[in-house]
């Protein structure tokens, strides 16, 4: 039965449901075949196969290979692939063929399967992407060893954001990635030299040596620092002090612990409240601080120690906003028990005293910080 709904109304319906779960879109397709075109436009624009089985990945490859118009819709793609020796040649060929058809792809993320014993980016299967015609703007590589992507990167003249958090130093020739402005690496020592980088994400420096960042001081606006967890040797305060002394002109600054320790030290570490250090930043507009293990903090010039709960999180965020009048947004978060995340976001309005508070229950550092989408 043909739906009497005009195409314009169908488009309006899908404009409302575009952000919903894909299962909702599948249900709409079963309701009316006229919805199929609009649903495909949404479902194939941003394809996330991370965490999916190889069977699901091959199913997607088959769909875009049989229907090239679907491949042309793909704008962003996340893949999770087996380690080098476990990727069957036939499966690799299917993936390579599908990627070649995604001519409009702009954002690509490739990672190892979570069950893989390999945690580093050491796959030799660079041939999967070397001959692809698409021109990316963002490339997140947690899979390929860097030397097997050299030809690929030489052809990718439009990449602006490159994420290679695993692997060694990032050596780029003058011909490679001329538009690169943002880099994510495992250590600041691995950053490419001679590039006018605007945004950097790296791990905490164990030796507190952030001097490689000085080469970007004239262009760098955004810095994210991450670590599995912070301990007594590498503290939040000492790290922030080092950065404030080197890069006082930062506009966006983020710090995050990425793992909850299974056996946290007792008593839990005491972090000194960072508001005094933030006064050294004279252009800072965004500050994000996500802690998973430091359950207490000390008020400056006081012996008073607070356990981090919802109320003290608000106090901490407020103290930070007050200490740094240039701040437009502050996000502080803490994970009390595993999986129990709480965040406090403060936003300053046009009036410096007009500050809005929003509480949340989920850490999303990529979304909260300004590295990926400034």
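Points worth noting:
- Base-10 log of normalised Debye intensity for the stretch 45-169 (one unit scatterer per alpha-carbon) at q = 0.16, 0.19 Å⁻¹: -0.72, -1.06
- Added length on full extension, which subtracts the Cα-Cα distance from 0.36 nm per residue, residue 72 to residue 41: 10.2 nm
- Net length gained if the chain between residue 322 and residue 131 were fully extended (0.36 nm per residue, minus Cα distance): 63.5 nm
- Debye-formula intensities of the stretch 146-226, expressed as log10 I(q)/I(0) at q = 0.11, 0.16, 0.26 Å⁻¹, are -0.26, -0.55, -1.42 (one equal scatterer per alpha-carbon, no solvent).
- Rg and Dmax of the stretch 55-106, Cα atoms only, in Å: 10.9, 32
Just so you know, all these numbers are worked out from the coordinates, no wet-lab data involved. These figures come from a predicted structure and were not determined experimentally.
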